[in-house]
Amino acid sequence: MQGFGLIVIALALGIFWKLLQNSLMTWKVFGLKFLVTDVWDPVQDIYGALPFIFGTLVSSALAHLIAVPLGVGSAIFLAEMAPKRLAGVVTFLIELLAAVPSVILGLMGIFILVPAVRWAQPGIEKVLGFLPFFRGAPYGVGLFTAGLILAIMILPYITSISRDVILSVPQILKEASLGLGATHWEMVRMVVLPFARSGIMGSIFLALGRALGETMAVTMVIGNSPKISLSLFEPAYSMSAVIANEFAEAASNASLSALFAIALTLFGITVVVNGFARLLIYKTTLRTGKKR
């Protein structure tokens, strides 16, 4: 069994080594400036990953601004307030949403979200146009649409894991709080949420890892333009999208190496985020065991 576990570690190290090996040309030529350069010109063999890092981080952050309140609120409702039958049905449907292929969600984004954003943008710009984040031509595709589709994709992860963590709070703590005169909501706010905070944060970071690595759905709605703009309505690009779009058409070794360097950067970010999330969930589980 130890050998089986080591095989998983060996696979991860093998992926890291292969990405590093194939991206050495880029790191030798550009160094760490590759991560902060905003020019992507395969014709001139000038490569910078900043537009793709920017698009990935901003779309993921926007998705979390939308999905975290909805996910955590839904988890509290399902774990503490909803009737058991309703909670069971809704939980099943939420987990079923996580199984929908990303290409299907991408099609939904093209035919539903893109026209909806194009229709709603003039009204949003009329109200919030004094901010640079809400200006731009009504393309429909862009960071805002990518954030919406990512929010739909990560919502089941936040809701399901947060619900399980909330259900792991010892019943004796809840009963003690109620016995001291707390209302149901006060018990949730002062006992359940503080106890489950680390686990909920873990679910958020796991969802962040999912959002950072999403490819197909984001590629279909983000616009695929390697530019950095303050406007959320402008087309952008993500790291996974540029790899999917340009890998098969890389015309030179330098271009191929640059794509591998982007993949290595994305791999490193994802490993760090998921590792931190697992640590938080483990911390909550350990606390639960000690309380019991």
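Which condition number in (1) in contact with a helix residue (DSSP H, G or I) (Cβ under 7 Å, 6 or more places away or on another chain); (2) open to solvent by 20 Å² or more (accessible area, probe 1.4 Å); (3) acidic (Asp, Glu) is the one that GLU249 fails?
It is condition (1) that GLU249 fails.
Looking at ALA258, ALA236, ALA244, ALA263, which is the one that is surrounded by fewer than 19 Cβ atoms within 10 Å (Cβ to Cβ) and touching a helix residue (DSSP H, G or I) at 6+ places or on another chain (Cβ under 6 Å)?
Testing whether each residue is surrounded by fewer than 19 Cβ atoms within 10 Å (Cβ to Cβ) and touching a helix residue (DSSP H, G or I) at 6+ places or on another chain (Cβ under 6 Å) leaves just ALA244.
Are any residues in the stretch 34-43 among the hydrophobic types (A, V, I, L, M, F, W, C) and either open to solvent by less than 50 Å² (accessible area, probe 1.4 Å) or closer than 23 Å to ALA211 by Cβ (or both), and if so, which ones?
Result: PHE34, LEU35, VAL36, TRP40.
Consider ASN224 against the criteria (1) on the phi < 0 side of the Ramachandran plot; (2) crowded, with 19+ Cβ neighbours inside 10 Å; (3) without any contact (Cβ under 8 Å) to a residue 24 or more places away in the chain: it satisfies all of them except one. Which criterion is unmet?
(1)
Every residue, every condition in (1) open to solvent by 50 Å² or more (accessible area, probe 1.4 Å); (2) under 23 Å from the mean Cα position of the chain (by Cα), yes or no:
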position: GLN2; (1), (2): yes, no
position: TRP27; (1), (2): yes, no
position: LEU32; (1), (2): yes, no
position: ASP45; (1), (2): yes, no
position: ALA49; (1), (2): no, yes
position: LEU57; (1), (2): yes, yes
position: GLU80; (1), (2): no, no
position: ILE112; (1), (2): yes, yes
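Taking the condition of being open to solvent by less than 50 Å² (accessible area, probe 1.4 Å), without any contact (Cβ under 8 Å) to a residue 24 or more places away in the chain and assigned to a helix (DSSP H, G or I), how many residues in the stretch 125-138 meet it?
So the answer is 0.
Kindly indicate which of ILE166, ILE152 is within 21 Å of SER203 (Cα to Cα) and touching a Phe, Trp or Tyr at 6+ places or on another chain (Cβ under 9 Å).
ILE166
Can you name every residue in the stretch 206-220 that is part of a helix (DSSP H, G or I) and crowded, with 20+ Cβ neighbours inside 10 Å?
Once the filter is applied, which keeps residues that are part of a helix (DSSP H, G or I) and crowded, with 20+ Cβ neighbours inside 10 Å, the stretch 206-220 yields LEU206, ALA207, LEU208, GLY209, ARG210, ALA211, LEU212, ALA217, VAL218, THR219, MET220.
Quick check on this structure: which one of PRO115, PRO83 is in contact with a Gly (Cβ under 7 Å, 6 or more places away or on another chain) and without any contact (Cβ under 8 Å) to a residue 60 or more places away in the chain?
Residue meeting the stated conditions: PRO115.
Condition test on GLN21, is it of a type in the set (S, T, N, Q) and over 19 Å from LEU266 (Cβ atoms)?
So GLN21 does not fit the description; no.
Filter the stretch 139-176 down to the residues that are part of a loop (DSSP other than H, G, I, E, B) and in contact with a helix residue (DSSP H, G or I) (Cβ under 6 Å, 6 or more places away or on another chain), then identify the one that is surrounded by the fewest Cβ atoms within 10 Å (Cβ to Cβ).
PRO170
The values are calculated or read from the model by the stated rules, or taken from the named source; none is laboratory data. This is a predicted model, so every value here is computed, not measured. Positions of Cβ are backbone-derived with ideal geometry, glycine not excepted, and every protein chain shown enters the neighbour counts. With ligands, DNA and RNA removed, areas are computed over all heavy atoms of the protein, side chains included. Shrake-Rupley method; radii C 1.70, N 1.55, O 1.52, S 1.80 Å.
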